[in-house]
Amino acid sequence: MFKLSEIKELIKLLDQTSSVHELEIESEGMKLAIRKPDRTEAEGAAVQVTPYAYPFTPAHQPLSPQQAAQPVSEVPVTSQPSLPAEGPLHKIVSPMVGTFYSAASPELPSFVSVGDRVNEKSTVCIIEAMKLMNELEAEIKGEIVSVLAENGQLVEYGQPLFLVKPE
């Protein structure tokens, strides 16, 4: 069984090397594969296009069926979500590849919502990876300005999940 701290350390080590781009480890019947995106993938990963603009605007304008059927690289980006310009915002990013859960179970309310105040120890979500539920803490004191992931969404390592206005 791989521990979260071990996985994080392997990711950091892989990120710091220029000669190794992929790592596969098998232990106790579990297999872990970590791959560094090449430059073109890394640049493309910065833009995530979904059928709806996120965070949602009052208009809730979906893409047309023709746009939604196109490959992601060909979908035109018409607007960026507007964020408060009251200073720099802190991004809470995913520490791993996994599934984002906004609550501990479907019956419970979300850990945090837009407008909620958090501190360094506040749990903001759960990332499920390899059947392990990993609670993610805010690690900063502030106010949640935006939730950038949807419940049940697959998230990537380093993907922004929340924007926080630091206090």
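What follows draws every value from the coordinates through simple rules; no lab data is involved. Since the structure is predicted, the reported quantities are computational estimates derived from the model, not experimental observations. Backbone-built Cβ (ideal geometry, glycine too); neighbour counts: all protein chains shown.
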Practice problem: Can you tell me how much longer the chain between S113 and K31 gets when fully stretched, taken as 0.36 nm per residue apart minus their C-alpha distance, in nm with one decimal? | Solution: 26.0 nm
Quiz item: Pulled fully out, how much extra length does the chain show between E24 and E6, if you take 0.36 nm times their separation in residues and subtract their Cα-Cα distance?
Solution: 5.1 nm
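Which pairs break 18 Å Cα to Cα here: K3/K31; K121/K141; K91/K121; K91/K165; K3/K131; K8/K165?
From the list (K3/K31; K121/K141; K91/K121; K91/K165; K3/K131; K8/K165), the Cα-Cα distance tops 18 Å for K8/K165.
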Quiz item: Taking R0 as 30 Å, what's the FRET efficiency between A104 and E167 from their Cβ-Cβ distance, rounded to 0.05?
Solution: 0.70
